[in-house]
Amino acid sequence: MNKVKNKKVVLAYSGGLDTSVMIAWLKEKYGLETITVLVDAGRAAGLEKLRKKALAIGAAEAIVVDAKEDFAHDFVLPALMANALYEEKYPLVSALSRPLICKLLVQVAHKSGAGAVAHGCTAKGNDQVRFELGLRALDPSLEILAPAREWGMTREEAVGYAAAHNIPVASTSGAPYSIDENLWGRAIECGPLEDPWQDPPEDAFAVTVSPTAAPDQAATMEIEFVSGEPVAAGGEEMPLVDLLNEIDKTGGKHGFGRIDMVENRLVGIKSREVYEAPGALALIMAHRELEDLVLPRELSHFKRLAEQKFTDMAYNGGWFDPLMDALRAFMEETQQRVTGSVRLQFFKGACRVSGRKSSYSLYDYGLATYGGQDAFSHGAARGFCELYGLPLQVWAKKRTLDRGY
């Protein structure tokens, strides 16, 4: 540790208790000069106050990066094209932001000449893997520090350390939750949520209203896609960041987007996780429905397999793995004709697709209808069934002979 280049470390800083304490701890323990990097990937507030806090604690430099556009286009959009839902539930809220933060940490380290980067992850979480795999992929020469994993302090001990070093910390009198949030959603952990039998308290939620308190009138919203990218909501074209916020707001207002799951973490434990992601869930639903309309069967079915691998790779910290490069290229290739509109209806905690249309639609009314305009070749069906069932028929005859009847 004493050989860290230029005695500088770049810290992924959130402004919370642990990363605030780390500024002083890294200096006291290893004599390192800390440059903090606070990344705004959406929903962030009080950034200037947090920047000044880092400097007051002793950071040599405190950097705030507005990365909402990069996050939306370079991380959220590929995940949307892959309909990424870990264990069919979680839209990778935190998992998508970690490779973005890694990229920015490495950029700052190169610019400042720092020889190390640090993160605030504990030994139990997935994020330590995401950070360390991402950082190693981007620059294996950088030393990676994980103070929270090394010092082993409890929350109470960290609060005591902060008090002893005059480090301001937020009041702990409120709800005891750990929050991570960005454009794609909000992750809530700790406190009463650690009991999988207990219903999440209402004070855990900030984006979605309780479904019972949602409006009695349903809301309808039409989402327009061009080559897999959502470009308009409610008939209004808008930048991707604004569109994500608009759909998120509408879904949350109607109580849609809450996720309560027991999740299989990469590190091997099961964890009760609660999320709010109305915009992410609604967009994935709409996007998948449009794909069902325009993608041919074999491509659609194979894409589901590739989606699962994409999702697992992203969740497990493999964003910069060569396989992910290939998977992202495949996903983008599949989106050439994913252009059209999907109508969503939000009501009392639910969201459903109520219509879909596309100039590339493979739905043929003449082939699908049972009415008078039916153009399907019924005569061909008999031969199709005979040929399709021929292997089974041969097998059945052989089984009958073997059994002697």
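In table form, for the structure just shown:
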| read-out | value |
| --- | --- |
| Single unsatisfied condition, Pro322 versus (1) within 19 Å of the chain's Cα centre (by Cα); (2) closer than 21 Å to Gly134 by Cα | (1) |
| Residue that is farthest from Glu224 (Cα to Cα), among those in the range 297-345 that are part of a helix (DSSP H, G or I) and of a type in the set (Phe, Trp, Tyr) | Tyr315 |
| Failed item, numbered, when Ala54 is tested on (1) surrounded by 23 or more Cβ atoms within 10 Å (Cβ to Cβ); (2) in contact (Cβ under 8 Å) with a residue 60 or more places away in the chain; (3) not polar (S, T, N, Q) | (2) |
| Members of the range 291-350 found to be of a type in the set (Lys, Arg), within 18 Å of Phe75 (Cβ to Cβ) and in contact (Cβ under 8 Å) with a residue 24 or more places away in the chain, listed by number | Arg328 |
| The lone exception for Glu157 - which of (1) of a type in the set (Asp, Glu); (2) in a helix (DSSP H, G or I); (3) under 28 Å from Glu69 (Cβ atoms) it fails | (3) |
| The range 387-405: number of residues that are among the hydroxyl-bearing types (Ser, Thr, Tyr) and either modelled with pLDDT of 90 or more or part of a helix (DSSP H, G or I) (or both) | 2 |
| Residue match in the range 188-197 (condition: in contact with a Ser or Thr (Cβ under 7 Å, 6 or more places away or on another chain), in a strand (DSSP E or B) and within 18 Å of Val262 (Cα to Cα)) | yes |
| The range 207-240 - residue that is loosely packed, with under 14 Cβ neighbours inside 10 Å and closer than 30 Å to Cys190 by Cβ and, of those, nearest to the chain's Cα centre (by Cα) | Ser210 |
| Residues located in the range 214-249, provided they are touching a residue at least 40 places away in the same chain (Cβ under 8 Å), outside any loop (DSSP other than H, G, I, E, B) and farther than 23 Å from Glu273 by Cα | Ala219, Thr220, Met221, Glu222, Ile223, Glu224, Phe225, Val226, Glu229, Pro230, Leu240, Val241 |
| Residues within the range 129-153 that are at pLDDT below 95, touching a Gly at 6+ places or on another chain (Cβ under 9 Å) and either assigned to a helix (DSSP H, G or I) or not hydrophobic (A, V, I, L, M, F, W, C) (or both), tallied | 2 |
| Residue check, Phe346 surrounded by 13 or more Cβ atoms within 10 Å (Cβ to Cβ), within 46 Å of the chain's Cα centre (by Cα) and not assigned by TED's automatic domain parsing to the domain that holds Ala232 | no |
| Among residues of the range 352-386, those that are charged (D, E, K, R) and either assigned to a loop (DSSP other than H, G, I, E, B) or surrounded by fewer than 10 Cβ atoms within 10 Å (Cβ to Cβ) (or both), counted | 3 |
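Conditions (1) buried (at least 19 other Cβ atoms within 10 Å of the Cβ); (2) not acidic (Asp, Glu), marked per residue:
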{"position": "Leu244", "(1), (2)": "yes, yes"}
{"position": "Ile269", "(1), (2)": "no, yes"}
{"position": "Leu290", "(1), (2)": "yes, yes"}
{"position": "His301", "(1), (2)": "no, yes"}
{"position": "Ala306", "(1), (2)": "no, yes"}
{"position": "Asp312", "(1), (2)": "no, no"}
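The values are calculated or read from the model by the stated rules, or taken from the named source; none is laboratory data. Note that this is a predicted model, so its numbers are computed, not measured. Backbone-built Cβ (ideal geometry, glycine too); neighbour counts: all protein chains shown.
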